[in-house]
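These notes concern the structure reproduced below.
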Amino acid sequence: GDLQVPLVALTATAPPHVRRDIERSLKLRTGYHVAAKTADRPNLTLSCQALASGLGTVLRDVAKSLNKNNGSTLIYCSTRNEVEATAATLKQLAPVNTTIAAYHAGLGDETRRAAHYDFLAGRVECVVATVAFGMGIDKPDVRFVAHVDLPASIEAYYQETGRAGRDGAPATAWMLYGLNDTVQRSRMIEQGNAPEERKRVERSKLDAMLAYCELASCRRVSLLGYFGEEREQPCGNCDTCLNPPETYDATRLARMALSAIYRTGQRFGTGYV
């Protein structure tokens, strides 16, 4: 018969369907759930920015703010080359005496350890890194977490931004996204060796991430809703609340775009259409 062995399944913030998958996979038919009352981090100002011009222009604004954060800055990039290029650009643009370090798997162990410990000790104000950096870091005074590439998923984004403002003081979670991010991520999914079911899951995660980026309504309401937490009132602490975007009825334009896609055989990318 079944052994009466106590079993506990632990996860970080996860949407309801993932929690159900865990229960089904582990055959957790009885027992009870323990969850945080809310996944909200109200001290974080959530902000997204579409890349309308070159990255250098955006990084100039980021560099200017480095010495105004009164704490540490963590900037995430998706590849090693982007880490190196972004760190180099920031070093050129940042105020004098601003300490900036790069962190990725291609660097030597000693270099990575130094960046890690210097960041924890406050000797480095800004680390530009791949998402491997930050695992296990519990630094209370990170005031600014930035993504200069589209995160892998809403879950990854929420975990990574959660490294900001752990002391409860105001902090900013800022993300830059562009069309190239979407095209590159879609290509990686389609060209991968994963089973079709896994690709379907990855496509849905990408769609959810893009939907979050392009919101015209409160980002926090949408984010919490993704994790199964219903909230109606706008938060007042995200970019769409603080500076509501202008909206208009795009029905006619959308129909024209769909017509162009259909009449060109549904085989061209957005640039051509």
- Message: Looking at the calculated P(r) for the range 90-189, what percent of the C-alpha pair distances fall above 24 Å?
- Response: 27
- Can you work out the accessible area per residue across the chain, with the rest of the protein chains kept in place, probe 1.4 Å, in square angstrom? 62
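Using a 1.4 angstrom probe on the protein heavy atoms only, line up Arg24, Arg263, Arg187, Arg143 by accessible area, largest first. Let's see the in-between values first.
Numbers: Arg24 160, Arg263 195, Arg187 120, Arg143 30 Å².
Most to least solvent-accessible, the answer reads Arg263, Arg24, Arg187, Arg143.
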- Query: Asn180 to Asn97: extension gain in nm, 0.36 nm per residue of separation minus the Cα-Cα distance?
  - Reply: 26.5 nm
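If you take every residue apart from Arg166 with its C-beta less than 15 Å away from the C-beta of Arg166, what net charge results, scoring Lys and Arg +1 and Asp and Glu -1?
That sum, taken over residues with Cβ under 15 Å, equals -1.
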- Considering only protein heavy atoms and a 1.4 Å probe, what is the carbon-and-sulfur percentage of the accessible area of the chain? 52
- Decide, for the range 191-273, between rounded, prolate and oblate: order the square roots of the alpha carbon gyration tensor eigenvalues as a ≥ b ≥ c, take rounded if a/c falls under 1.5, and otherwise choose prolate if a/b is larger than b/c, else oblate. oblate
- Message: Tell me the net charge near Leu242. Cut-off is 12 Å between Cβ atoms, Leu242 excluded, with +1 for each Lys or Arg and -1 for each Asp or Glu.
- Response: +1
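Would you compute, from DSSP H runs of 4+ residues alone, the mean residue ellipticity of the chain at 222 nm, taking -39500 (n - 2.57) per run and dividing by the full residue count, rounded to the nearest 500?
-12500 deg cm²/dmol
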- Message: For volume of the Cα convex hull per residue in Å³, one of (1) 197; (2) 143; (3) 132 was computed from the structure I shared and the rest are decoys. Which label?
- Response: (1)
- Message: Starting from a Cα-only point model with no solvent, please compute log10 I(q)/I(0) by Debye for the range 74-149 at q = 0.15, 0.27 1/Å.
- Response: -0.45, -1.54
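Using a ≥ b ≥ c from the Cα gyration tensor of the range 153-232 (square roots of the eigenvalues), is it rounded, prolate or oblate, where a/c under 1.5 gives rounded and otherwise the larger of a/b and b/c decides, a/b for prolate?
Since a/c reaches 1.5 and a/b is larger than b/c, the shape of the range 153-232 is classed as prolate.
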- Message: Report the Cα centroid-to-centroid distance between the range 122-198 and the range 201-217 in angstrom, as an integer.
- Response: 15
- Message: Taking just the alpha carbons, could you work out the radius of gyration and Dmax for the range 7-142, both in angstroms?
- Response: 19.0, 60
- For Leu93, what charge total do you get from the other residues with a beta carbon under 11 Å from its beta carbon, if Lys and Arg give +1 and Asp and Glu give -1? +2
- Message: Probe radius 1.4 Å, ligands and nucleic acids left out: which of His17, His116, His33 has the largest accessible area, and how do the rest follow?
- Response: His33, His17, His116
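The values are calculated or read from the model by the stated rules, or taken from the named source; none is laboratory data. Owing to the predicted nature of the structure, the values given are computational and were not obtained by experimental measurement. Every residue, glycine among them, receives a Cβ derived from its backbone with ideal geometry; neighbour counts consider all protein chains shown. The accessibility values were calculated without ligands, DNA or RNA, using every heavy atom of the protein model including side chains. Shrake-Rupley method; radii C 1.70, N 1.55, O 1.52, S 1.80 Å.
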